[in-house]
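First up is the structure itself, then whatever we jot down about it.
What follows is calculated from the coordinates using simple rules that are stated; it is not laboratory data. Here the structure is a predicted model, which is why all the values come from computation and not from measurement. Cβ coordinates were reconstructed from backbone atoms using ideal geometry, including for glycine residues, and neighbour counts include every protein chain displayed.
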């Protein structure tokens, strides 16, 4: 009987996590970011201490988002009408998530900065001989492919709605070109922030779903990498 209660407790906890993933957009973003960071950690061969810090940081962000979701649900249950204290409770909980997210960005920067610099230097040494117009070719190629895909799905226009997100595809293409041509981690990080702002604006405006934005970003990245590799041959 005790074992069954213990199993039920685990199942309830997992159900809570799944519910948060299904209903909370920010939780899905946190999970995707965590997966990408863990893949990057495997590629860059982090030390044991760095890995522990990374796990703790990821867990802290996800736990804060779960608590935020629980507080929002409890407030909505207790107060169906608008109340300034309810707003304060939700804002403070969201602020806690923001603090952990900012901390995660700082930790990620401190852990990966030197490692990414070493990788980028090894890659960039083979890039300078490439013609600068590869960036323009990539940009046009991504544009044409986005148009074709949207025409086939018959949904949305080039820069508004539909699968995939045109803004995300073009911004990801430019980001990839900047990373490959600059060879500077700081410039790459700044360009990444601008790209994320563009993607977030499409999500916030409800022009695209998260999956349409990710599809566009993936398309822009893959096509640009492919063309840079093609011209390097």
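Taking N as the number of residues in the range 1-113, what is its alpha-carbon radius of gyration divided by 2.2 N^0.38 Å?
Relative to the 2.2 N^0.38 Å estimate, the range 1-113 comes out at 1.27.
Remark: spin-label model distance residue 102-residue 194 equals 2.4 nm, labels positioned 7 Å along the Cα→Cβ axis.
Note on residue 55/residue 218: beta-carbon distance plugged into 1/(1 + (r/R0)^6) with R0 of 35 Å gives a FRET efficiency of 0.85.
Segment residue 226..residue 110, full-extension length gain: 38.8 nm, with 0.36 nm per residue of separation and the alpha-carbon distance subtracted. Here the label points at residue 85 and residue 145, each 7 Å from Cα along the C-beta direction, are separated by 5.5 nm in the simple model.
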